[in-house]
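For reference, the structure discussed in these notes is given below.
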Amino acid sequence: MDIDVLREKWVEQDRKLDESIHMNGRLLTMANMNRTQPPLRRFALLAGLGTLLGLMFLIILGGFIYKHWAEPRFALPAIALHVWVIAYVVTSIRQMVAAFQIHFDQPVTAVQKQIESLRMMRLRVLRWALLTGQLVWWIPLLIVALKEFWDVDAYRILGPGFLIANLGFGVVIIPAAVWASNKFGERMGRRPAMQRLMRELAGYNLRAASRYLATLNEFEYETRA
């Protein structure tokens, strides 16, 4: 066989091999992308559920504020709760929209950047919620709930000392909650539901998605090289 013919056949086989490697790489990328999508869907679902619950609570608080507008000692705690829930609903909607805007038909690096941006947004919201929620969701909620459901004046029944002491406890528990959710999120609690909650608080689902995409990014780089 002539050397030119051999060279042509070699080039043709090399071209087919390159196409096969490229196709296998695309199939592997698609398979791993499918592993990335479920954590994001769970995240978006939880954000949507939080938004729905927040809107329902805003309606209840709005009625309470309207009813007790002339009584600042009851209206002000309810307003504090109302402002907190509004901020929570807004941030939940932003996270849900950001999750749905991630399209997996774009380059892996672009998807990875969006995932990382969403993860950082979640962590910022988590810190904000822990720093302020401990103060808002204990004493103000107690005052509002006692008045709304049992027509009990918390200021008279519990006294200022109890309210101040528990407000201080809320301040102290903030850093402990942040530390525990990040360090013991995988192990805290005996029930799977509690473990899942702690993983969500610590952002484990988004970090898992990010790790998948990081692996894809390395594979894409090695394939091009």
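Numbers at a glance
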item	result
So Phe64, is it crowded, with 18+ Cβ neighbours inside 10 Å, out of contact with any strand residue (DSSP E or B) (no Cβ under 6 Å at 6 or more places or on another chain), at pLDDT 95 or above and part of a helix (DSSP H, G or I)	yes
Residues (at pLDDT below 80, aliphatic (A, V, I, L, M) and either under 30 Å from Leu123 (Cβ atoms) or touching a helix residue (DSSP H, G or I) at 6+ places or on another chain (Cβ under 8 Å) (or both)) located in the stretch 151-179	Leu163, Leu167, Val171, Val172, Ile173, Ile174, Ala176, Ala177, Val178
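This table checks each residue for (1) touching a residue at least 60 places away in the same chain (Cβ under 8 Å); (2) under 17 Å from Ala75 (Cα atoms); (3) part of a loop (DSSP other than H, G, I, E, B).
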| position | (1), (2), (3) |
| --- | --- |
| Leu141 | yes, yes, no |
| Lys147 | yes, yes, no |
| Arg156 | no, yes, no |
| Pro160 | no, no, no |
| Ile164 | no, no, no |
| Phe169 | no, no, no |
| Val172 | no, no, no |
| Pro175 | no, no, no |
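Residue-by-condition table, conditions (1) buried (at least 19 other Cβ atoms within 10 Å of the Cβ); (2) out of contact with any helix residue (DSSP H, G or I) (no Cβ under 7 Å at 6 or more places or on another chain); (3) outside any helix (DSSP H, G or I); (4) touching a residue at least 24 places away in the same chain (Cβ under 8 Å):
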residue: Tyr88; (1), (2), (3), (4): yes, no, no, yes
residue: Thr91; (1), (2), (3), (4): yes, no, no, yes
residue: Ala99; (1), (2), (3), (4): yes, no, no, yes
residue: His103; (1), (2), (3), (4): no, yes, yes, no
residue: Val111; (1), (2), (3), (4): yes, no, no, yes
residue: Met121; (1), (2), (3), (4): no, no, no, yes
residue: Trp128; (1), (2), (3), (4): no, yes, no, yes
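The values are calculated or read from the model by the stated rules, or taken from the named source; none is laboratory data. Model, not experiment: these values are computed from the prediction. Quick reminder, even Gly has a Cβ in these numbers, built from the backbone with ideal geometry, and neighbours come from all protein chains shown.
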